[in-house]
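Here, each number is a calculation from the coordinates, and none is a lab measurement. If you're wondering where the values come from, they're calculated on a predicted model, not measured in any experiment. All Cβ positions, even for glycine, are placed from backbone atoms using ideal geometry, and neighbour counts span all protein chains on display.
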Amino acid sequence: MYMISLKNVRLQVISTMFCFFIMGSIEMVGIASNYIKVSLNLTDTQANILPSLVYIWFLVCTIPTGVLMNKVGMKKTVILSMLVLAMSTLIPLFLNTYLAMVVCFIFLGISNVALQSSAYPLFSNIIKKEKLFFQFTFGEFIKTVSCFVAPYAAIIGSLYFKNFFGLGWKVLFLFYFLITITAILLISNLKNEKEDVSNSKNVNFSSLKLLAKPFILLSFIAVMCHVGIDIGMNTNLPKLMMHKLDVSLEIASFSSALYFIFRLMGGLIWSFIIAKTSKVLFFYISVALMFIGVSAMYIVDTKVMLYVLIALVGVGNASIFPVIITEAITKYPILKDKISVLMIMGQFGGAIFPLSMGILLDYFNIYYSYLVILIGILYLLYYSLRLGYLKTESTIEMPK
């Protein structure tokens, strides 16, 4: 019996790691949109619509996913979302039109929303409250590993897989298809899974009423800005490097990988520092690093210094989301399910930032587009100041 239990625990840990890794696959839309732009000769607005088509579904599908979880359970919802994700990654492998890419990115977004909405509650059932921040931070670490793998997969595919069934950079999609299928097999074989669907009964459209609470609304917008900055950087860094350094897309794509490498390192660093300092001070430092990094990009023109600035932004934006969601849940613990749903919905900021940046890039230039990211950073600065003044509340009455 002990050996069976130990085997299932190991399978559960591996399955969880794969699940977080697949969550990170959504970040591949940034680097993919740059290659699609070149491949199909698109404008920046047309290319940046693609990431927006992925992230808009966080606003639309998060609550319906909660309803689905109530009917079929969290584990089945996770598996169903992975199946849809796997099918979406196959589309670009066989079709190379703008419409095919649009369809691919729509289903990639829907499936990732469903995955995140169902996986987080599933994990919360097995994570102790005192370890919640650490586990979420570790999850962000795994997701970031997936994020920085994506640019490398695209670069390697573009350079070495042009003659492999003509895939080229699209080997990126094949990679995530294989990983997703592996994760489905792992999670399907989990034994003695205790589904708690009763919690998801509280997840419905009434959750939106929580936005009437000032701190919840502030946190919701903060998540929008955090994810918007992340996707905006991921999507537009290669364009900035090509503009400033006059290099090819393959070389410029390394900037996206570098950003995610330092996001990964930042997650590791902050997970140790946060235990010895306050979350508010941590937030101040993180936002300051991002502001310095993005602001200096306007005046720096050398490769080494641009890499340094990209590293600052990556480290700064590494663990913003875990702080926001844990602060919100800590203030209103009895509404953790509804708050989790709202925070996941807030990721639709990834639809607003890249599209806004693409429009500004087409009508003005790359420097105007980065004003969108600066505005997001300034809001996070405001949020960090509010974190220092708002009093902690342990309970809350449901808004009527």
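Assorted remarks:
- Each residue of the range 167-174 is assigned a 3J(HN,Hα), and the resulting list reads 5, x, 5, 5, 4, 3, 5, 4 Hz, derived from the Karplus form 6.51 cos²θ - 1.76 cosθ + 1.60 (θ = phi - 60°), x at Gly and Pro.
- Given Lys143/Lys336; Lys75/Lys170; Lys76/Lys213; Lys76/Lys336; Lys279/Lys338; Lys37/Lys338, the pairs whose alpha carbons are separated by over 27 Å: Lys75/Lys170; Lys76/Lys213; Lys37/Lys338
- Mean projection area, nm², convex hull over Cα of the range 199-340: 10.1
- The mean sequence separation of alpha-carbon pairs under 8 Å and at least six residues apart, normalised by the residue count of the range 2-389, gives a relative contact order of 26 percent.
- In nm, spacing of pseudo-spin labels at Ile269 and Val38 (7 Å Cα→C-beta vector): 3.0
- Working from the Cα coordinates of the range 2-389, the gyration tensor eigenvalues give, after taking √(5λ), semi-axes of 31, 26, 19 Å in decreasing order.
- Along the range 370-385 the Karplus relation, 6.51 cos²θ - 1.76 cosθ + 1.60 evaluated at θ = phi - 60°, assigns HN-Hα couplings of 6, 5, 4, 5, 4, 4, x, 5, 5, 5, 4, 5, 4, 4, 5, 5 Hz to successive residues, with x for each Gly and Pro.
- One chain, two ends: Glu250 and Tyr367. Fully extended at 0.36 nm per residue, the span grows by 39.9 nm beyond their Cα-Cα distance.
- Working note: Cα gyration tensor of the range 18-86, eigenvalues times five, square-rooted, sorted largest first, giving semi-axes of 29, 14, 8 Å.
- Loop chymotrypsin sites (Phe, Trp or Tyr not before Pro), the range 284-368 (other Cβ atoms within 10 Å of the site Cβ: 13 or fewer; DSSP): Tyr298, Phe364
- Residues in the range 307-313 carry Karplus couplings, in order, of 4, 4, 5, 4, 4, 4, 5 Hz; the curve used is 6.51 cos²θ - 1.76 cosθ + 1.60 with θ = phi - 60°, and Gly or Pro positions show x.
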